[in-house]
1. Need the full-extension length gain, ALA32 to PHE77, defined as separation in residues times 0.36 nm minus the C-alpha distance. One decimal, nm.
2. Residue separation times 0.36 nm, minus the C-alpha to C-alpha distance between ILE42 and ALA63: what's the value?
Amino acid sequence: MMTNESTPIGPSSPRPPVPPPAPDRDGWPRWANLVLGAWLFISTFIWPHGSSAATNSWIVGLAIVVVSIIAMYVPWFRWLNTA
């Protein structure tokens, strides 16, 4: 029996690397959440706020940005993005 030496045979065959998941490019609601969350975060430092309102604005804005970025890569995170 003749075998081709360039093609490995058997369980020791290397598997091709699995590419990382690509972000959902058609998910405009996630992009809209990202932009609005960034705006909320930036607006904290542009306009005067009370101390508690400023703290609330930058924390919530940052949370919205982080959740919307994760939702682009992890499909079930979209539920948290919706909330």
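Derivation of every value follows stated rules applied to the coordinates shown; laboratory data play no part. Owing to the predicted nature of the structure, the values given are computational and were not obtained by experimental measurement.
1. Gain in length upon complete extension: 14.6 nm.
2. 6.3 nm
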